[in-house]
Amino acid sequence: MFLRFVRSKTVDGLAAREGFFCAAYELRENATLDRHSLERLETLLAWFRKHLTIPNKFNKSTSKGAYRRDAKGLSWFKPNAKDALAKSFELISLLEENGCRIEMLKSKRIGYIVYEDESQVVAEPFSDTPK
């Protein structure tokens, strides 16, 4: 079962909701967090930058420049990504403490896989994939 963490705001041009990293960076930029919360947020984001690869592909197309056009892929954690999931729950806790509601989606049918590493996959969703 793959896991995805989302908020209610949708991605521009897609019927999918934004992932929790969007909420985290928005909180960092727009909110007045106390020093302790800001330090926790920065520490968590630094952990993800160090340990989670930024996918190099978000769509199926192999045409020149496709990586810049209409990225439709959604990122999902693999069920065996224990460290990343543990840090995700820490980040979700911090987000929710600061008024950001995060929902966990679970699915076995996430779509056409366009990127994969040891912790995550990016997939262009099927019509019945939770978004």
Which length gain, in nm to one decimal place, applies between residue 50 and residue 22 when the Cα-Cα distance is subtracted from 0.36 nm times their residue separation?
8.3 nm
Angle between the chain longest axis and helix 20-30 axis [Cα atoms, degrees, rounded to 10]
40 degrees
Under 5 Å from the placed amide H of residue 10, counting only residues 5+ away or on other chains, we find 18
Amide H partners (placed H, <5 Å) of residue 114, local residues excluded:
122, 123, 124
So, relative contact order of segment 2-124 in percent, Cα under 8 Å, 6 or more apart, is 37 percent
So what's the angle, to the nearest 10 degrees on a 0 to 90 scale, between helix 35-51 and the longest Cα principal axis of the chain?
30 degrees
Can you work out the Karplus-derived ³J(HN,Hα) for every residue in segment 74-86? Use 6.51 cos²θ - 1.76 cosθ + 1.60 with θ = phi - 60°, whole Hz, and x for glycine or proline.
10, 8, 10, 7, 6, x, 8, 7, 4, 5, 5, 5, 4
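Divide by every residue of the chain the summed helix terms, -39500 (n - 2.57) for each DSSP H run of at least 4, and state the resulting mean residue ellipticity at 222 nm, rounded to the nearest 500 deg cm²/dmol.
Theoretical 222 nm ellipticity from helices: -11000 deg cm²/dmol.
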If packing is taken as the mean number of other Cβ atoms within 10 Å per residue, what is the order of 8-15, 120-127, highest first?
120-127, 8-15
Compute the length gained on full extension between residue 42 and residue 98: take 0.36 nm times their separation in residues and subtract their Cα-Cα distance, giving the result in nm to one decimal.
18.7 nm
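Between residue 10 and residue 108, what is 0.36 nm times their sequence separation minus the Cα-Cα distance? Round to one decimal in nm.
Once the chain is fully extended between residue 10 and residue 108, it gains 33.1 nm.
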Here FRET efficiency (C-beta to C-beta, residue 128 to residue 90, R₀ 41 Å, nearest 0.05) is 0.85
Options (1) 15.7, 48; (2) 24.1, 92; (3) 14.9, 46 - which one matches Rg and Dmax of the Cα atoms in Å as calculated here:
(3)
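Each value in this text was obtained by applying a stated rule to the coordinates, not by laboratory testing. These figures come from a predicted structure and were not determined experimentally. Reconstructed Cβ throughout: ideal geometry from the backbone, glycine too, with neighbour counts over all protein chains shown.
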